[in-house]
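All remarks here apply to the structure that follows.
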Amino acid sequence: MIRHRPFGSGHPYALTEDQRVPASPLAGEAVELRVRASAKVTSLVCEWHEEGASATSLTLTRTGGTQPADAQSGDAQPDGGHLAAAQARAARAAAGSWSVTTPALEAGRRYRYRFLARLADGGSRSSKWFEVTAAVWSEGGGKLHGERIVPGSVRWLSDGDGVRRVRFELELGRGEHVVGFGERFDAVDQRGRALDAVVFEQYKAQGEHGRTYLPMPFALVVGGLGWGFHVVTSRRTWYEIGDTIRVEAEVGPEAELTVRTYDGGPAEVLDAFLDDVGRPVELPAWVFRLWASGNEWNTQQRVMAEMDLHREHDIPVGALVIEAWSDESTFTAFRGAAYEPAEEPHRYADYTFPADGPWPDPKGMVDELHERGVKVLLWQIPLQKTRPHPRHQAAVDARQLTERGYGVKEADGRPYRNRGWWFPLALMPDLSSPEVRDWWTAKRRYLVEEVGVDGFKTDGGEHAWGHDLRYADGRSGAEGNGLFPVHYARAFGDLLRASGKAPVTFSRAGFTGSQPHGAFWAGDEDSTWQAFRNSIRAGITASACGIVYWGWDLAGFSGEVPGAELYLRAAGTSCFMPIMQYHSEFNHHRTPSRDRTPWNVAERTGDERVLPVFRGFAHLRERLVPYLVEEARKAVGGGAPLMRGLFFDHPDDPAIWRFPLQYKLGDALLVAPVTEPDISEISVYLPEGAWVDVWTGTRLDGGQEVTLPAPLDRPPVLCSAERWPELSAVFSV
């Protein structure tokens, strides 16, 4: 076996042991050719043909045995959880790797190469031929449309096959701040930073890596004349924010790119952007109540026991996300259900639920939860698993997907198999096709129409890797991969609408165009103070790009349970975010439990404050629902976002940038999160206007920095004096 993939796996941040480095070389660069080969290969030679010259022979050397990069993040970081299997695969890949470095490539020449292997038994093998040309930056080559482009800054990157990228600069004034680019964990103001926009599943530590599930090539420029820009593309883009905004973007065969600019304050710019890409849709009031979930709530008995404990501890819950409900081969059938495989979608009557099984009565469970006022969402993954080899209904679904051509495809027309670390080699339905969306969601229709579920957690929309994938809508992977999570949430939103339900999806991945499709959370993160700060930034920046319904796994979902202080600080902040929810990662049911329920955190920490303080926040959240509904309606209708940085309402106030984690929740409430341990008071900046401390009723003048007390049960929150008469009752109980 000889494997060489010039562009590797398609991982945007990590190299693989079988690729060309760099995959798209510049003129004057040498290229490292990496190959994976079986243990039977004793020697490898590259037959290298330079156009207009005689062939040369390049001998590869074995490079296996080095420490591989982390298979998912691209960094050498050990991980005992989700990444263990991926790291083992990376180690095996490194053990069979070979490489050779070519001479420097010249512009205007085409190079062909293949690999010849000598086997231990005396035989030989050869690979197919590959081609490469060197690229050059020049002033001409394509068409760039837009305003505010710095004269003379435009450059086009072209190789022997056409234009690949464009570089240009946008004007940026002194004192202007740049916010946006989708959900960003590392900073609110990106001035002085470099970043890119590509959908990627960074498992934890997103802020440290600068990566995101939900990027957008859009930003607000705040603090000067007021404007914003949208690089109108679904391809990958890069940014360096310094004295100017330096942009680099991949382009397609048409060698054309548009940069749309908008003038005005942040709310006006965002409104114009949403007119172009799609406006958020108002969701029902129940999404503003407390959401609860745990990855180990994998039986009906366990689910109901946890709901009973909410009632016992007087902690009102409005939404339950059941993650571990399905057989995880189809993601359509409850685990343990007996049924016959079928070509057509099943109905509820097709299933038998054993009384001693994990889910003896799913519909009865949902009905009871509805009677208690709890809505139910079920977890989904947009993949058809193939490992282990599919059987029963999974075999039918995989065969239909393949035979009907319903999957995302490789460049040669073969079905794409997931290259990511999670559910490796799974097939991927091509949800860019309305026909495939209908086929995929029809298998889940009974869950909505008969079982009665109210929404779906549309997890894992980041599995499309590879620039040359093919989509049914005519896009290649380079321009279609980022849109996959948009199609995914849209598919399930359409299913819910068609079944008479509100389109409540709960996604972590997205791109430009995700704004109309449900709610979002910030993805996987540890229970640390740093992750807390990162997540607040994520909420502020996601909202700046038009995401109205947003939350996070309060206090983190992974690792050891958070300490009482972190948990309650996170709960107090989350009480004043669009979505308030807790969740915990699967821990193989080991004891002690790592559930993030307030009673488990209370037991694990031994801190008697946890339950009563969390209970107070949950009841306060219930009282806030009418306010949140009203303010969300404004945001959906074209106003500033529900959760928003102070720059939306006070763009010309330079002092607000010293307090980047402060934000407003609607027009009336100002939130100052406490994100460091051992704090009893906090400095808060009050923008212009009159403010009221919601806990004491003290009136404070704006335009100043004040010190406020910050007890665990009373997070620093202020209300505009104008709105205080109508909201004072919410805080007076």
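Every read-out reported here was derived from the displayed coordinates using simple, explicitly stated rules and does not represent laboratory data. Owing to the predicted nature of the structure, the values given are computational and were not obtained by experimental measurement. With ideal geometry, Cβ positions are generated from the backbone for all residues, glycine too; neighbour counts draw on all protein chains shown.
Between the helical axis of 392-403 and the longest alpha-carbon principal axis of the chain there is an angle of about 60 degrees. Restricting the GluC sites (Glu not before Pro) of the stretch 187-280 to loop positions (DSSP other than H, G, I, E, B) with no more than 13 neighbouring Cβ atoms within 10 Å leaves E254. Between the stretch 392-456 and the stretch 122-139, the C-alpha centres lie 34 angstrom from each other. Beta bridges per DSSP, both residues in the stretch 271-384: antiparallel share near 25 percent. Neighbours of P284, meaning other residues whose beta-carbon lies under 12 angstrom from its beta-carbon, give a summed charge of +2 when Lys and Arg score +1 and Asp and Glu score -1.
Treating cross-link reach as a plain straight distance, find the lysines whose alpha-carbon is under 21 Å from the alpha-carbon of K128, omitting any fewer than eight places away in the same chain. By straight Cα distance, K128 reaches K40, K409.
Note: relative contact order over the stretch 137-263, using C-alpha pairs below 8 Å and six or more positions apart, is 31 percent. For the chain, the relative contact order works out to 11 percent when only alpha carbon pairs closer than 8 Å and six or more residues apart are counted.
Counted by neighbouring Cβ atoms within 10 Å, the residues I540, I381 run from fewest to most as I381, I540. Could you let me know the centre-to-centre spacing of the stretch 356-373 and the stretch 8-60, using Cα atoms, in angstrom? For the stretch 356-373 versus the stretch 8-60, the Cα centre distance is 57 Å.
Using a cut-off of 20 Å between Cα atoms, the listed pairs K363/K443; K457/K634; K385/K443 include K457/K634 as exceeding that distance. With a cut-off of 13 Å between beta carbons, the residues surrounding T402 carry a summed charge of +1, where Lys and Arg count +1 and Asp and Glu -1. Relative contact order of the stretch 427-584, taken over Cα pairs closer than 8 Å and 6 or more residues apart, is 17 percent. Counting only DSSP beta bridges whose two residues both lie in the chain, roughly 80 percent are antiparallel. Loop only by DSSP, 16 or fewer other Cβ within 10 Å of the Cβ. Give me the GluC sites (Glu not before Pro) in the stretch 112-154 that pass, ordered by residue number. In loop regions of the stretch 112-154 (DSSP not H, G, I, E or B), the sparsely surrounded GluC sites (Glu not before Pro) are E139, E147. Pairing the Cα long axis of helix 484-498 with the longest principal axis of the chain, what angle in degrees results, from 0 to 90 and rounded to the nearest 10? The angle comes out near 50 degrees. The GluC sites (Glu not before Pro) of the stretch 275-344 that meet both conditions, a loop assignment by DSSP and at most 12 other Cβ atoms within 10 Å of the site Cβ, are E343. Taken as Cα centroids, the stretch 274-349 and the stretch 516-567 sit 20 Å apart, rounded to the nearest whole angstrom.
How large is ³J(HN,Hα), in whole Hz, for each residue of the stretch 313-319 in order, when computed from phi with the Karplus curve 6.51 cos²θ - 1.76 cosθ + 1.60 and θ = phi - 60°, using x for Gly and Pro? Per residue, the Karplus-derived 3J(HN,Hα) values read 8, 6, 10, x, 10, x, 9 Hz.
With respect to the chain, whose longest principal axis is taken over its alpha-carbon atoms, helix 610-637 is tilted by about 70°. Each 5 Å bin, from zero up to the one with the longest distance, holds this percent of the alpha carbon pairs of the stretch 141-229: 3, 12, 19, 18, 18, 16, 10, 4, 1. Our coupling estimate for the stretch 698-710, obtained by passing each phi through the Karplus curve with A = 6.51, B = -1.76, C = 1.60 and θ = phi - 60°, is 5, 8, 10, 7, x, x, 8, 9, 10, 9, 10, x, 9 Hz, Gly and Pro reported as x. Exposure proxy shown here: for S728, S24, the number of other Cβ atoms within 10 Å sets the order, fewest to most, as S728, S24. Counting beta carbons within 10 Å around each of W325, W552 and listing the fewest first gives the order W325, W552. With q set to 0.11, 0.12, 0.13 Å⁻¹, the log10 of I(q)/I(0) for the stretch 170-301, from the Debye formula over equal scatterers at the Cα positions, is -0.50, -0.58, -0.66.
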